Structure formats: C-alpha cells, structure tokens
Amino acid sequence: MTLKSAFSLLLLGFAVCVALAEKDRIPAPYFTDGENLSTENCGVHGERDWIVEIAILHPGKLNICFGAIISHRTVLTYACDLQTDDFRNVSVYINDCMQKNNYNVEKCTGSKIEVRDVILMNSDLLKERAYKYPMYILKTKKMPDNISPICLFNRGNQMDLVEDPQSKYISWSTGFLRDINQTSYISNIESKPYGEFLSYDRCLVKLSKQVEVSQLFLQTRFLCLRQEHFLGNFFLVNYYRGRHFIRGISVHYSFVYNNSAYVAYIDILPYIESIVWNSNDMSVLSPVPSVKSIRAFRSSDNLSFSNCGRKTTAARSKRETGDEVEDIRSHQLILAGRRARRGAHPWHAAVESSTGFSCGGSLISKKVVLTAAHCIEGQRAEDFEVTIGMYNKTLWNSTDIQIKTPSRLKIHPKYSRGKFHYDVGLMIFEKAFELTEHVHPICLWNEDTNLDAVAGRAALVAGYGYFKDYSHPATLQEAEITIRSHLECYHSLRKYYGARLKPGDNFCAGYTNGTTVCNGDSGSSLSLEKDGRWFIRGIVSFAKSKKVKINGEEAEVCDPDAFPLFSDVAYYIDWIVEFSPDINFDYFGR
C-alpha cells in the first residue's frame, strides 16, 4: 500500500467516525423561548400529579398499567397490552384512585378520563422485531386544570455524559419513586448524576442479545444506565432547575456484579417530534440542520446553466384585479398580485394536466422544469402540457410561447402523498426548449443552505394563482414577499407550523396581513436577485387553508393571514442535479 493510499484510508476512516458521531447526536428540541417547556408550568410538582393509572378492559379480565401525563390531553405509556384499535376499552384514572380503591373501577368514576385515541410511537423498533417494547401515547379528553404534566426532555443527548450538579435523575416504578443511588424507597428528589450513563460499548453491547435489537438501534434509540438494586419498570426522570423532565422508559435490565444492573431505556428524544405532532395541545420546531455548502457548478462563474437568470425587461409596478389596473406597493396581495411585464419571468412554466389540475414550474435548463412533487405525483408524463414564454393565457398564438409534453417525471423518493414534505419534482423533456428572450432558465441556488443569511430579504414569486376574488388571472402575476426565519415562522402559529415546518425541507415567506400565494401557484418559483441574476431558492408548496364560498359552493383556499411554505431548493440541489441531464457539478474542482 502506498503512503498516499494509506493516508486516504485514514481520512476515510476519520470521516466515517465523524459521520457516525454526528448521526448519533440528537439536538435539543425547541418548544418555546425562555425555559423551553413542552407545556406551560410543567414538571413543577411531584410524581402524584403526573402519574396516571391505565385500565384496559378485555373480555373477562382487567389489566392495569401506568402512564405519564405529558399534556392535559396526552399520556405517554409503555407496553400495557394495548392495541391501537381498541381505545374504547381503555380508560385513564387520575389521583391514584384505582390504587386507593383496590382497583375497583366503579369507585373511580369521578377520576376517569376518556381516551379518544391510542397511537403507537416507535414503529421503527417494531420493524426491527423489537416486539416487546411498544411505546404509545393516549389522546384523551381534557384533564382538569389542576393536573400538572411532566415536561418532555428539552436538551440534547450530548448532555448525557456531562457532569452537571443541577441535573439529577430519578426513576419511578408502579406508584413510588426510588432513588437509583440508594437501597431504600423514597418520595423526595435524591438522584444520580449524569456520570451513571454508560457508553454503548460498556453497556448496550452487553444487553444487545437480551434486547434483541440491532446495534444501530441500540445506539440511536436506547439509553443505558448502571443502577443499583433495580426493581420493576421505571420512567427515567430528569430533575433540572426545579422541574421534572421525562427522558426514558425502561425496557430491559441485566443484573451484574454486587446487585448492580445494566438498564436499557427507550430514549424519548428521537420520538419527541412524533409525540408532539400526535398530541392535541403541544408544539415543537423540528431541529434546524447544520449549514451545508453547495458544490460548485461546472461553469466558470458557478452557474447551474450558462447565462441563466437574466431578465430582459423590468417588471411593472401595477396590479391587475380583473377589471382594472392600479398602482400598488410590493406587499399587496399576491392573491391578486401585480401584473408582471411581458418577458419578466422567462423561466416560468404553466403546468397543465389533462385532469384539469394547474400548477407552476421553473425552467432550469433546456430539458428540465422544476416543480412541486404534488403537482405531478400519480400522473403520467403524457398527461401534461408545459407552456413557457406565456404572458397572457388568451394569446395562445403568440410566437413567444413554446409548448411541450415531458418525456418523463421524477419526484423525490421520500415524498408521500398529502404530506407535502420532500415536495420537489422534475419534468424532463426529450426535446429541448429553444432558448429565446422569452424562454430562458433561472439559476439554481449556488450558495450554502443557511436560511438566516437570506431571512428578511424580499424575494419574488410569480404565478397564475387566485385573485383576491378567487378567480384566475389571464396574465401572469408577481409580488415581492419577505423570507421569514424558521423561528419567526414557528412563533407566528406554533401548533400549525410545529407539525408542518421542517427546516432543511421547507421554509416560510410572505406576510400575515393578507399577502400570500394561493391555489394555482403551487410549483412556482420564489427567487432572489444577486448581481443582476435571479436564483430560485424556493418552490411554492402549500399554505394554511380556509373555507370560503366560490360561486355559491364551499371551497378550500389559501388563508392570507398565515405564512405559506416553500420547498427549500438549497437542500435539494444534489438530487435536482443528479436527475437533470444537462446540469452538472464541477467534479474536478477549480
């Protein structure tokens, strides 16, 4: 082996180690500013306020298990002999009523909380054949206001092996707290510091055969502690700065020397997003991924296509409302938009399906139109006509217009119908568009993925979406809207965006004062100008909807009082270039 090849292998090994370390890192969830709590005033009382008894009624028998109240409508539990389709046979009891009344259901009617749904949270483990370890949430009727939920853990797993005198752990089992540092049962907070978390090679490897889960899932889905005098199944609870935070659920233990035990806990950190999304009264912002540099394109000036993004004409500051044209400011409704000047968006594609579905798209090369996956998913390439160079839909005989049918469609492999994540698609043409003054590609984003670098900037969106009166315009409309940071978007409507905003997948832009993209704008570009060129950074994906009457019939349309969401092109550059036949990266460097 040459010195050069040996050095290359060393670098490769180092890169793999770094990648694994980054993969195993779970960042802190973000609930709110300040103390970052999953529910208001959570975790301030003892276990009697957040522990519930769960009764599962089967023919001829009654099973009892325990759960943790994590919001006034949500209980987290483990095992319990539950099935997701039998919630009508499940009840939750508060205030230790069952235990105090010798598990007599009739005496606990006043403490009963109705269960409205049972949802499995860790199906990924079940796919790994870890059938013994199901974790569920129970969605319930609202509990009394005097009930105090426990907080969901709000720090990253990098804190696990850090000594912190303010951060202590306790474990709980079937109605009582037990100090994992003592031999006796206690009711006050006496707990083990972070140092008792064990590394995977010391602990999880020893448990791998008993837990019967692959090492990868042990490392990313389980915690491991060494405890003394372990007994029963526990919740692992962190006590930090006067509050209790639930961190894990015990699933297995193995006794070792001197009555000590290695204990495996399901780590709830990887599941917090799913837990919150499936609750009725919590919200969390998905983690913002690390900033990723974008590889250079082949051209000498780092452009995705030669001479892309040039406009030959300036946009007019006019708005067309169907009957009149009036002067406007750039922040007015894109529902009506301002009428774009002829040739102002030579990359804009009108995407029409034979099914009657209309979208927008952006020409990014001679042979590729970039659009939203939901615009083309489930349809055939021959079902579409794509028109570029059109300014007025009534002027079909214009020599500026080119109309083609794509030869194939490509949607992102992770896109799922109705979910609107990974909402990126390509329309690929066998016969290239002829580039003219009115048919010309926009540039793909060529900077890093950092959204904060462009948040607050005005971007331009164009399309044939609804007017303010919910009719479609004949001419192409445009408007300037502001790109919003992830935090600003999330805080504007936490429950809605907590479930739908995914940094690294999409972002918000627009206003909450009546300005938004609307039905018919999907797939269109959100572009930024740099040095006289226009670069696509977003694809119109979806917006919060509301019900209105159109021609006397009820319809779902965009809500102009909420930020719309755009697929983030910067994060999908590799995939876009891979499947675009006439766009290439500079693989050899410059």
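Any read-out appearing in this document is the output of simple, stated calculations on the displayed coordinates, not a laboratory observation. Given the structure is predicted, the values throughout are model-derived calculations rather than measurements. Cβ coordinates were reconstructed from backbone atoms using ideal geometry, including for glycine residues, and neighbour counts include every protein chain displayed.
Key figures for this structure:
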| item | result |
| --- | --- |
| Residue-wise HN-Hα coupling along region 271-280, computed from phi with Karplus coefficients 6.51, -1.76, 1.60 (Hz; x: Gly, Pro) | 10, 4, 4, 5, 4, 5, 4, 8, 8, 9 |
| Filter on K112/K419; K311/K393; K107/K142; K112/K139; K292/K546; K141/K495 - keep pairs with C-alpha separation over 25 Å | K112/K419; K292/K546 |
| Distance (nanometres) between label positions extended 7 Å along Cα→Cβ at F585 and N146 | 6.2 |
| Residue-span extension gain [E437 to D301] - 0.36 nm each, minus C-alpha spacing | 46.8 nm |
| Computed E for L395/E114 - FRET, C-beta separation, R0 51 angstrom, nearest 0.05 | 0.25 |
| Protection proxy ranking of 352-360, 277-285, 473-481 - average other beta-carbon atoms within 10 Å, highest first | 473-481, 277-285, 352-360 |
| Projected label distance in nm at K547 and D531, using a 7 Å step from Cα toward the beta-carbon | 5.2 |
| Amide H within-cut-off set for L526, under 5 Å, with H built and near neighbours excluded | R537, G538, I539, V540 |
| Relative contact order [Cα under 8 Å, 6+ residues apart], region 395-488, whole percent | 20 |
| Taking the convex hull of Cα positions in region 338-422, its mean projected area over all directions (nm²) | 6.5 |
| Summed side-chain charge close to R310 - residues other than R310 whose Cβ falls under 14 Å, Lys, Arg +1, Asp, Glu -1 | -1 |
| Ordering of 445-455, 133-143, 416-426 by burial proxy (mean other Cβ atoms within 10 Å per residue, highest first) | 133-143, 416-426, 445-455 |
| Table column - 3J(HN,Hα) (Hz), region 370-387, Karplus curve with 6.51, -1.76, 1.60, x for Gly and Pro | 8, 8, 8, 4, 5, 6, 10, 4, x, 10, 9, 4, 5, 7, 10, 10, 10, 10 |
| Note, ³J(HN,Hα) from phi for region 390-400, Karplus 6.51, -1.76, 1.60, rounded to Hz, x at Gly and Pro | 7, 10, 10, 5, 8, 10, 6, 8, 4, 6, 6 |
| Most to least packed among 380-388, 531-539, 340-348 [average Cβ atoms within 10 Å] | 340-348, 531-539, 380-388 |
